[in-house]
Amino acid sequence: MTTRTDAPTRREQILKEAARLFAERGFHGVGVDEIGAAVGISGPGLYRHFPGKDAMLAELLVGISERLLSGGRLRVEEADADPEVLLASLIDGHIDFALDDRPLITLHDRELDRLRDSDRKLVRQLQRQYVELWVTAVRELHPDVAESEARAAVHAVFGLLNSTPHLGSYGGGLPGRAATETLLRRLAHGAFASLAG
């Protein structure tokens, strides 16, 4: 899978800092002036990029759900109908998300209910589609497993992988990115392998 290496746009910088600040202090604990200061522009200058904080939150949460789903679909295509390759690729992609976008996990847990109904429904719809990619891969790899059990296993692995915000910082609670990635991969594969037992 190719990854983008371009420098982030101003809009992407704003979203990254907004996610970090919202995760640290909560949506209502952060003002537009603080977000602007974090990217070197005035608070009112943010309004050239977003109509307000609500729009930033919606773009962050809808955006990550869209990104996970599109990445998952690409992994399905690249796996060439090999369920073992696909599941390994889905796990790797989600681990990258869980390690690189930790503030978005916190934000989703705390602030999803602040979205407008239409945005919240869209996030849930995208998430359900993403889950189904995983359920299909698990059931192709373990055809004797019931769909409900496969879905429960997928959600359990998501819970494991999405626990990264609670693990502390590298050097504090995490052993370093590479070691944490290896650990999460081993745990996720182990969880799915247990379905065969």
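In this structure the range 1-148 gives 54 Å² per residue of accessible area when probed at 1.4 Å with all protein chains present. Relative to the Cα centre, the charge distribution of the chain, modelled as +1 at Lys and Arg Cβ and -1 at Asp and Glu Cβ, gives a dipole magnitude of about 580 debye. Given the alternatives (1) -0.86, -0.98, -1.25, -1.39; (2) -0.98, -1.09, -1.29, -1.38; (3) -0.97, -1.04, -1.17, -1.23, log10 I(q)/I(0) by the Debye sum over Cα atoms at q = 0.15, 0.16, 0.18, 0.19 Å⁻¹ as computed for this entry is given by (2). The apolar share of the surface of the chain, taken as the fraction of accessible area on carbon and sulfur atoms (1.4 Å probe, ligands and nucleic acids excluded), comes to 52 percent. Computed from phi, the 3J(HN,Hα) profile of the range 111-123 under the Karplus parametrisation 6.51, -1.76, 1.60 (θ = phi - 60°) reads 10, 4, 5, 7, 5, 4, 3, 5, 5, 5, 5, 5, 4 Hz, with x in place of Gly and Pro.
Once C-alpha pairs closer than 8 Å and six or more residues apart are averaged by separation and normalised to the residue number of the range 1-160, the relative contact order reads 24 percent.
The values are calculated or read from the model by the stated rules, or taken from the named source; none is laboratory data. All values reported here derive from a predicted model rather than from experimental measurement. Neighbour counts run over all protein chains shown; Cβ positions are idealised from the backbone, glycine included. Areas reflect the complete protein model, heavy atoms only, side chains present, ligands, DNA and RNA absent. Shrake-Rupley method; radii C 1.70, N 1.55, O 1.52, S 1.80 Å.
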